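Have a look at the structure below, then the notes.
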Amino acid sequence: MYRSAVNETAQGTAAALAASGQGCATDGHHIGGDDAQIDVATGLVQLTSLVQGLYARVSERHNLTPVQAKLLCVLLDGPRGMAELARCFGVEKAALTGLMDRAERRGLAKRSPVPGDRRALQVMLTDAGHRAAAAFHNEVDAELGQLVSTLAAHDREHFRATMAEIINRCRTSPRPDHR
C-alpha cells in the first residue's frame, strides 16, 4: 500500500510546518484552528506528522531506524543501483555508503557488481533482509489502514482516489522551484 510513498522525506514536512506556522505542540496537542475548519495545508502537514510518527514507532519495534526501514522497503521491489538509491534518498552516493555498511553488517542487504559495468554496484536484500522488510511493511500497512478504518467505505475510496490523483499529477508535471 505505502511502499512507493517511502521515497518522501521529512524535509518537506519540516518546510511545510515552518511555512504554515502550524503543527503540533511538544505535548501532542493541536496548534491552529478548529479541526472542523482545518485548511488543506494544515491538514496535510498534520497527517504527514501522524504517518511519520507511526513509521518511526514501527521502525523502532523492528529494531530499525526509519531510514533503514525505507531502504529495506525500497529494495523489496528488487535490486537497485547505488546511484539510483542515492537519488531516491536525496543524498550523494558517498552518504549512502554508510547506510549500506550498516545494513550489510546486520546481514540485511548486500552490494554486488553490476554485470557489464565494473564500476557500478547494485544493492539487494538478503533473505534476512527480505523477511525484515516484509514484516515491517506488513505492520506499517496494517497500522496505516487503521488511520482510515473509521471512514465509511465510500469515503476511504474517495480519499484513496484523491491521493492517487494528486500524486500522479505531481509525478507527471514539472514542479516550480520555490527557492
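The values are calculated or read from the model by the stated rules, or taken from the named source; none is laboratory data. The shown structure was predicted, so the numbers you read here are calculated from the model rather than taken from an experiment. Cβ sites come from the backbone with ideal geometry, for glycine too, and all protein chains shown count toward neighbours.
Looking at THR42, THR48, which one is crowded, with 16+ Cβ neighbours inside 10 Å and either farther than 23 Å from ASN138 by Cβ or at pLDDT below 90 (or both)?
So the residue among THR42, THR48 that is crowded, with 16+ Cβ neighbours inside 10 Å and either farther than 23 Å from ASN138 by Cβ or at pLDDT below 90 (or both) is THR42.
Taking LEU54, is it in a loop (DSSP other than H, G, I, E, B), out of contact with any strand residue (DSSP E or B) (no Cβ under 7 Å at 6 or more places or on another chain) and modelled with pLDDT of 95 or more?
Judged against the criteria, LEU54 is not a match.
Residue pairs, Cβ under 8 Å, 6 or more apart or interchain, first in segment 151-179 and over 15 Å from LEU44 (Cβ atoms), second surrounded by 10 or more Cβ atoms within 10 Å (Cβ to Cβ) and modelled with pLDDT of 90 or more. List them.
What qualifies is LEU151/PHE159; ARG156/VAL148.
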